[in-house]
1. When you count, for each residue, the other Cβ atoms within 10 Å and take the mean per peptide, how do 263-273, 47-57 rank with the highest first?
2. So what is the diffusion coefficient of region 137-372 in µm² per second by Stokes-Einstein at 20 °C and 1.002 mPa s, using a Kirkwood Rh over Cα pairs?
3. In whole Å, how far is the Cα centre of region 301-372 from that of region 24-81?
4. Working from the alpha-carbon coordinates of region 244-381, get Rg over Rh, Rh being the Kirkwood radius.
5. Give the peptides 64-73, 113-122 in descending order of average Cβ contacts within 10 Å, highest first.
6. Could you work out the relative contact order of region 205-313? I mean the mean sequence separation of Cα pairs under 8 Å and 6+ apart, divided by the number of residues, in percent.
7. Kindly put 256, 38, 76 in sequence by how many other C-beta atoms sit within 10 Å of each C-beta, fewest to most.
8. Sort 235-245, 169-179, 204-214 by the packing proxy (mean of other Cβ within 10 Å over each peptide's residues), most packed first.
């Protein structure tokens, strides 16, 4: 019984929008029992609504634990005995035997269901822990910049995927990473973990972004060799590195096949396409290892949006892609938290609540003054 309560409470916390109907459904076996009982006592004997009593414990097995299910079956059997005292020739023996048999089967079904729910609950706990390791919460302020993150899984039950991001306050400035591993499933999660783990070390060691990306390339290649993907002939990942030196008015970008970031400057939106493309991770052998770092002005009050292609490939009912740059042009120059909150709501509205790919985004702002660092906390999404 305790295991059921833990499982039910854990699952209920993860589906808040269905809390009302789910709690109402818990009473449905009682309502069904009361309805059948009332009909059995108020209708002619020939109708024999009492024969429907085995349906109550059968229904209870799908939502109740074992003991309440068995007690409901015993209560239905008692009702059948009471009906036999009022009406004769109801076939009490046959209906009673059916109630006993259905209740036994229902109790066993309830036991199996609870075991599976417990296993699923623990699997989700492990997935949540894995996500916190791969996509750990970022501090709201890193160095002299504000930063917020957003992650949306394509499926409501999913916890982790191939999207990844990270940020670090290094001696060379605030360094950011965002990327997307080709493919889905556990193999994509493993590749993303290899890239993020390598970045967490290289970001502090390498004085140049090219050195960081070479380390990421090496880690991705080693991981692909150690864990070859069966579903894809070639495992690769797009990645975007950014470096915001402390106290400087610019940002350095190294884009390895990733969607270009957007820069908001005084209400104007600029798409930061790389002048010279760099190869995605794990494709340097095929495309060469020439990496291009570009410097872009990043003044106080400016804001950068980094994102994965799940955002720009979000479709509406007509199949049109989400116009991210146009949407950004209509947004007020607020903080990173407010921007990602609005983007989250707009993506769900635009897609009708049906996301076809994982979505990740980082919003970074250089405050106008030192007093602007911080601000109201962003609501959890």
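What follows draws every value from the coordinates through simple rules; no lab data is involved. Fair warning: this is a prediction, and the values are worked out from it, not measured in the lab. Cβ coordinates were reconstructed from backbone atoms using ideal geometry, including for glycine residues, and neighbour counts include every protein chain displayed.
1. Peptide ranking by packing, descending: 47-57, 263-273.
2. D = 119 µm²/s.
3. Region 301-372 and region 24-81 have Cα centres separated by 52 Å.
4. 0.99
5. On the way: 64-73: 20.7, 113-122: 14.5.
Top to bottom by mean Cβ count within 10 Å: 64-73, 113-122.
6. About 29 percent, as a whole number.
7. Exposure proxy ranking, most exposed first: 38, 256, 76.
8. Order by mean packing, descending: 235-245, 169-179, 204-214.
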